[in-house]
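Note sheet for the following structure.
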Amino acid sequence: MKKKPVPKAKRKKSLDTPCVHGELKLFAGNSNPELAKKIAKNLGVPLGAAQVGRFSDGEISVKILDNVRGTDVFIFQSLAGKCNDYLMELLILIDAARRASARRITAVLPYYGYARQDRKDQPRVPITAKLVANLITVAGANRVLCMDLHVGQLQGFFDIPMDHLYAAPVLLKAIKKLNLKDFTVASPDTGSLKQCRAYAKILGAPLAFIDKRRPRANVAEVVRVVGDVKGRDVIMVDDMIDTAGTLTVGCEALLGAGARDIYACATHAVLSGPAVERLNSSSFKKIIVTNTIPLGDRKCDKIQVVSVGGLLADCIERIHHETTVSTLFVRTQY
């Protein structure tokens with residue numbers, strides 16, 4: 001039997017309209033090739049050809065194979081997993097595009113690594129979030145696109161234009177498909193309260209939060225559950241799942257307060273250390289995450305992955321044509 005040819009992605013008509021920044025070109029490092037391909041497919045453009053490898057001594061080797069002179073270049077890279085390697089790939093790709101006379105360079109970072117050290121909360125500690133922002137700027141980026149930053153003030157760390165996109169439209173769509181009746185939106189800590197309030201308002205659900213203490217890094221202790229969860233399903237919302245300590249401790253606290261089924265949703269599935277083991281042995285009914293970070297071999301039957309490829313592609317198209325981006329999150333801004 002002959003195999004049917006795979007149809008080529010249709011190029012968006014809007015991308016054929018002349019743009020002051022030149023033709024749109026999309027390149028990607030090695031961090032998340034599947035999401036990069038989905039973005040390219042949604043845009044209807046081929047993923048740019050670039051060699052991103054290693055020299056024999058381990059140094060990163062980059063060569064852009066396409067002509068980018070006078071073009072609008074978007075460089076996609078998610079700074080998770082092999083964060084140090086992926087950061088260097090990003091910086092070198094930006095430098096290569098700049099030296100190849102790209103007209104404008106936008107760094108697309110679905111997950112912004114090194115974001116948790118955003119202030120000096122102790123003596124003699126760095127502010128790595130600002131350091132990475134400086135590196136990206138000095139490398140030659142003219143603009144940055146991120147998604148669900150760990151803390152909103154990171155936007156002010158950049159001295160170049162920055163677009164902060166929210167995954168809420170994609171996650172809310174997945175939550176609505178659960179068809180829950182009596183449910184509460186819960187914040188796993190006070191840090192995510194503003195985000196959860198926005199979700200609760202859109203979903204028309206009451207809000208609860210877990211009063212949590214963190215005696216040391218990556219260790220969470222629940223003090224109490226504030227809000228009505230007794231006899232109700234609960235959806236916990238957070239920006240990322242790292243070691244899953246906060247979520248799993250919060251899940252048990254909610255069950256102890258009389259909640260029925262517990263669900264969770266988060267943009268970034270970092271899943272470091274014991275995270276997968278904790279989630280597998282937890283009482284969660286389902287955990288919804290996006291594909292900003294590839295799961296790889298970190299398997300968990302409770303995890304459902306939804307794609308932000310279409311959302312990122314839409315934002316890239318708007319940036320390319322200098323049209324408004326704010327309409328993508330006007331109802332979900334938090």
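Every number in this text was worked out from the coordinates using simple rules, so none of it is lab data. All of these numbers come straight from a predicted model, not from anything done at the bench. With ideal geometry, Cβ positions are generated from the backbone for all residues, glycine too; neighbour counts draw on all protein chains shown.
Relative contact order for the chain: what percent, with Cα pairs under 8 Å and sequence separation of 6 or more? Don't skip to the answer; put the middle values down first.
Working: 681 pairs, mean separation 46.0, N = 334.
It comes to 14 percent, rounded to a whole number.
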Would you mind putting 150-163, 245-258 in packing order, based on average other-beta-carbon counts within 10 Å, highest first? 245-258, 150-163
How big is the Cα convex hull of the chain in projection, averaged over all directions, in nm²? 20.2 nm²
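Using a/c under 1.5 as the rounded threshold, could you call segment 110-167 rounded, prolate or oblate? The axes a ≥ b ≥ c are square roots of the C-alpha gyration tensor eigenvalues, and prolate needs a/b larger than b/c, oblate otherwise.
oblate
Can you give the net charge of the other residues whose Cβ lies under 13 Å from the Cβ of residue 290, counting K and R as +1 and D and E as -1?
Computed value for this residue: -2.
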Can you pull the semi-axes for segment 169-307, root of five times each eigenvalue of the Cα gyration tensor, sorted largest first, whole Å? 20, 18, 13
Could you sort out which of 120/176; 38/130; 120/285; 37/176; 82/194 sit more than 32 Å apart by Cα distance in this structure? 120/176; 120/285
Taking the Cα centre of each part, how many Å lie between segment 143-184 and segment 286-324? 11 Å
Give me the net charge for the shell around residue 307: Cβ to Cβ below 12 angstrom, other residues only, Lys and Arg +1, Asp and Glu -1. +3
Please list, by residue number, every one of the chymotrypsin sites (Phe, Trp or Tyr not before Pro) in segment 30-120 that is coil in DSSP and has at most 16 other beta-carbon atoms within 10 Å. 55
Taking the convex hull of the Cα atoms, report for segment 1-151 its projected area averaged over all directions, in nm². 12.4 nm²
